[in-house]
Amino acid sequence: MRKLLIESLMRAPLTEPAPEPADHAVAELAASLERAARRRLGRSLAIREVDAGSCNGCELEIHALNNAFYDLERFGIRFVASPRHADVLLVTGPVTANMREALERTYAATPDPKWVVAVGDCAFDGGLFAGSYAVVGGVAKVVPVDLHIRGCPPSPADLLRGLLALLEPHGSPAKR
Ligand code: SF4
């Protein structure tokens, strides 16, 4: 124990290297997204994440948007705790039989106009889990989907590009 303590005192601090230039590109994308949200909504974008049965790989990339590297809340993009406060439902995973009703109820609780974004190959068509007895299929089998962001999993930059595409002038909120 003493050896361990002495070693930890002698060792240089462990720090992460500064973000690569590619991460600056992500920050620029996020800033564009914030400007587009202000133009379309008059405020920042509120996102409710819904895991409908994913392996959590997609969640890791979505969580990365809020980590110390990407820190996207500085651009006003917020993840909210309730669908009642959300503009966008970001849905991951194949929809499992157990999560089907929860997804339907979350969709119903989200005020119009709203967007549904299906994230990852599983959310597109069930991906690796397609055909399983426990899986209903892609998100579009349960609720209307406005945009698919493909990938297994999609990167933070892919997620931002997708959200930006939603907010650009030709993308209109679903009126349901
Ligand atoms: S798309 Fe890939 S990372 Fe995302 S839930 Fe499916 S298997 Fe996991």
Study note, to complete from the structure: Relative contact order of the stretch 77-166 (C-alpha contacts under 8 Å, at least 6 apart) in percent is 30 percent
Review point. In whole percent, how big is the carbon plus sulfur part of the accessible area of the stretch 42-127, probe 1.4 Å, protein atoms only?
Key: 50 percent
Revision key, fill the gap. Taking every alpha carbon pair in the stretch 1-118 and sorting the distances into 5 angstrom bins from 0 up to the bin holding the longest one, the percent per bin comes out as 2, 10, 15, 17, 15, 12, 8, 6, 5, 4, 4, 1, 0
Review point. Which whole-number percentage describes the relative contact order of the stretch 33-104, with Cα contacts under 8 Å and a sequence gap of 6 or more?
Key: 47 percent
Check your understanding: Relative contact order of the stretch 22-176: what whole-number percent is it, with Cα pairs under 8 angstrom and at least 6 residues apart?
Key -> 26 percent
Study note, to complete from the structure: Phi-derived 3J(HN,Hα) across the stretch 79-91 with the Karplus relation (6.51, -1.76, 1.60, θ = phi - 60°), rounded Hz, x for Gly and Pro, is 9, 10, 7, 10, x, 5, 9, 9, 9, 10, 9, 9, 10
**Study point:** Antiparallel bridges, percent of DSSP beta bridges restricted to the stretch 58-176 (to nearest 5)
**Key:** 25 percent
Review point. Using only the Cα atoms of the stretch 74-118, what do you get for the radius of gyration and for Dmax, in Å?
Key: 11.3, 37
Review point. Which values, in whole Å and largest first, are the semi-axes of the equivalent ellipsoid of the stretch 48-176 obtained as the square root of 5 times each eigenvalue of the Cα gyration tensor?
Key: 21, 18, 13
Revision key, fill the gap. For the stretch 22-68, dividing by residue count, accessible area per residue (probe 1.4 Å) in Å² works out to 48 Å²
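The values are calculated or read from the model by the stated rules, or taken from the named source; none is laboratory data. Every value quoted in this text rests on a predicted model; they were computed, and no experiment measured them. Ligands, DNA and RNA are stripped out before the accessible areas are found, and what is left, the full protein with its side chains, is counted by its heavy atoms. Shrake-Rupley method; radii C 1.70, N 1.55, O 1.52, S 1.80 Å.
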